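The structure appears right after this line, and notes come after that.
The values are calculated or read from the model by the stated rules, or taken from the named source; none is laboratory data. Every value quoted in this text rests on a predicted model; they were computed, and no experiment measured them. Backbone-built Cβ (ideal geometry, glycine too); neighbour counts: all protein chains shown. When the accessible area is computed, the model is the full protein with side chains, heavy atoms only, and any ligands, DNA or RNA have been set aside. Shrake-Rupley method; radii C 1.70, N 1.55, O 1.52, S 1.80 Å.
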Amino acid sequence: MNKPIKRSWAEPYKIKMVELIKMTSHSERKKALKDAGFNTFLLRSEDVYIDLLTDSGTSAMSDRQWAGMMLGDEAYAGSRNFYHLEEVVKDVYGYKYLIPTHQGRGAENILSKILIKKGDIIPGNMYFTTTRLHQELAGGKFEDVIIDEAHDAENEFPFKGNIDLKKLDKLVKKYGAEKIPYVSMATSVNMAGGQPISMANLKELRKYTKKHGIRVIHDMTRVAENAYFIQQREKGYADKSIKEIVTEICSYTDGATMSAKKDALVNIGGFLAVNDWDVFEEARNMVVVYEGLHTYGGLAGRDMEAMAIGIRESVDDDHIKARVGQVIYLGEKMIDYGVPIVKPIGGHGIFVDAKKFLPHIPQESFPAQTLAAEIYLDSGVRTMERGIVSAGRKANGENYCPKLELVRFTIPRRVYTQAHMDVIAESTARVYERREKIKGLKMVYEPKYLRFFQAKFEQLK
Ligand code: F0G
């Protein structure tokens, strides 16, 4: 009998404008890579063919968002776009009070300064680079309480973003709840490979933190993608809309920091949203120092308008199905070629396991950094390191040595086609074929903060 004909997903949009990209030769890429100190962050975008460095600020806005840009009310105070954004944040996410910021880390800075005292402990489901740095700069110490499965690239547990409540309880017993200003809970855990947290886990977390008087602060950068996995994988959610699931997730938390450059489909923007009037009042005061007046927070009126429209588009069921569908398409191609990737496939990109890909390169010689450089060299595809370089150093100067040593192929939203995905997978497979000949790197320049952005390397002989 013939196989049943499947019903494929496809993009719920058509293309109205295109941006031309440059194809480069191998020798051009070799020179560009050397000039960039083997750091893909230091490449010029012009020298990149397919740019998977990040899904942050790189998505394509819709015609409606562009039209919204023309409706920018550029008043210094009380812009109508702020009130529109406030209304959308309340409706979709349910948070009461909104402080716009120029991007996610602006919100992290303000929140960390308000809630963290010197010596505090901030448990979280895996660190994120800027989030942890702001916690540390405010005098706190981040403690990882994600479940063990998240540190194992091969483990196929469907909710690898879950918090291990036993680990959290140990911290509460050791330090006392008064030393823990909040649990830093991210949806779609970026550094774990875009892995979701389950609603069941969130409910348990809420129950536990309520009992101990600890806040839950939500890094909601990729909350819609997390909601998609809940809809697909968790019992009782198959018939709920993405918007309903997103609102429910937020309801178990006390506030959120948002980088709207991801889920919310804008090129710049973010916010802090809270339910607590006292925290809001302090944040509203502080935003004036660091970002701008509380009704624009470092953004133009038009940016806030595009964000308000983007948030609504981000929770459309067809949008998110196609967005994650494209990521899964690429991941499955990689698996077919035998390329070792983090499983299950996450929401915003494919994470290649560099320790498995290049087992002959020790972590001190930066296997993931090396692999990102080699992939660029092969095809002009730009990816990024998410391993020992990204992890940085502890306060005492020692390197953090993360178990996961990954190369992230991050997919911008609504930007590339299925044919681009084919080229990416084929290029990675070609590098995999010659993997034994690849040599590691040494770091020759290291900046003090967030070193992965600007560090430089040389090839080992
Ligand atoms: N939280 C998460 C989970 C993020 O992924 C990011 C940014 C931020 C916070 C900070 O937001 O960039 O707007 O200041 N992630 C980008 C990335 C940079 O490439 O993953 P931001």
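The figures follow:
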| item | result |
| --- | --- |
| Condition met for Asp63 (open to solvent by less than 40 Å² (accessible area, probe 1.4 Å), over 19 Å from Ser259 (Cα atoms) and acidic (Asp, Glu)) | no |
| Checking Asn190 against (1) polar (S, T, N, Q); (2) more than 15 Å from Thr253 (Cβ to Cβ); (3) open to solvent by less than 20 Å² (accessible area, probe 1.4 Å); (4) more than 15 Å from the ligand (Cβ to nearest atom), the condition it does not meet | (4) |
| Extreme residue, nearest to the chain's Cα centre (by Cα), among residues of the range 12-41 that are open to solvent by 30 Å² or more (accessible area, probe 1.4 Å) and closer than 18 Å to Glu385 by Cα | Phe41 |
| Qualifying residue in the range 42-60 (condition: in a helix (DSSP H, G or I), under 28 Å from the mean Cα position of the chain (by Cα) and within 16 Å of the ligand (Cβ to nearest atom)) | yes |
| Unique residue being more than 30 Å from Ala425 (Cα to Cα) and within 16 Å of the ligand (Cβ to nearest atom) when the list is Gly310, Gly297 | Gly297 |
| Residue that is nearest to the ligand (Cβ to nearest atom), among those in the range 239-256 that are open to solvent by 10 Å² or more (accessible area, probe 1.4 Å) and touching a residue at least 60 places away in the same chain (Cβ under 8 Å) | Asp254 |
| Options Tyr127, Tyr175, Tyr97: the member that is more than 16 Å from the ligand (Cβ to nearest atom), assigned by TED's automatic domain parsing to the domain that holds Gly78, among the hydroxyl-bearing types (Ser, Thr, Tyr) and under 21 Å from Tyr400 (Cβ atoms) | Tyr175 |
| Selected residue [surrounded by fewer than 21 Cβ atoms within 10 Å (Cβ to Cβ) and under 13 Å from Ala256 (Cα atoms)] from Tyr93, Tyr97, Tyr83, Tyr76 | Tyr97 |
| Residues of the range 153-166 that turn out to be surrounded by fewer than 16 Cβ atoms within 10 Å (Cβ to Cβ) and of a type in the set (D, E, K, R), as a count | 3 |
| Any hit, the range 398-415, residues being open to solvent by 10 Å² or more (accessible area, probe 1.4 Å), within 16 Å of the ligand (Cβ to nearest atom) and either at pLDDT 95 or above or of a type in the set (Lys, Arg) (or both) | yes |
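So that you can scan it fast, the table gives a plain yes or no per residue for (1) within 26 Å of Met199 (Cβ to Cβ); (2) at pLDDT 95 or above:
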| position | (1), (2) |
| --- | --- |
| Phe128 | yes, no |
| His134 | no, yes |
| Asn162 | yes, yes |
| Ala177 | yes, yes |
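Per-residue answers, yes or no, for (1) closer than 30 Å to Asp152 by Cα; (2) away from the ligand (no atom under 16 Å from the Cβ):
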| position | (1), (2) |
| --- | --- |
| Gly292 | no, no |
| Gly301 | no, yes |
| Gly347 | yes, no |
| Lys355 | yes, yes |
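One line per residue, one yes/no per condition, for (1) open to solvent by 10 Å² or more (accessible area, probe 1.4 Å); (2) out of contact with any Phe, Trp or Tyr (no Cβ under 8 Å at 6 or more places or on another chain); (3) of a type in the set (Gly, Ala, Ser); (4) in the same structural domain as Glu244 (by TED's automatic domain parsing):
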{"residue": "Val352", "(1), (2), (3), (4)": "no, no, no, no"}
{"residue": "Pro362", "(1), (2), (3), (4)": "yes, yes, no, no"}
{"residue": "Ala372", "(1), (2), (3), (4)": "no, yes, yes, no"}
{"residue": "Arg382", "(1), (2), (3), (4)": "yes, no, no, no"}
{"residue": "Gly387", "(1), (2), (3), (4)": "no, no, yes, no"}
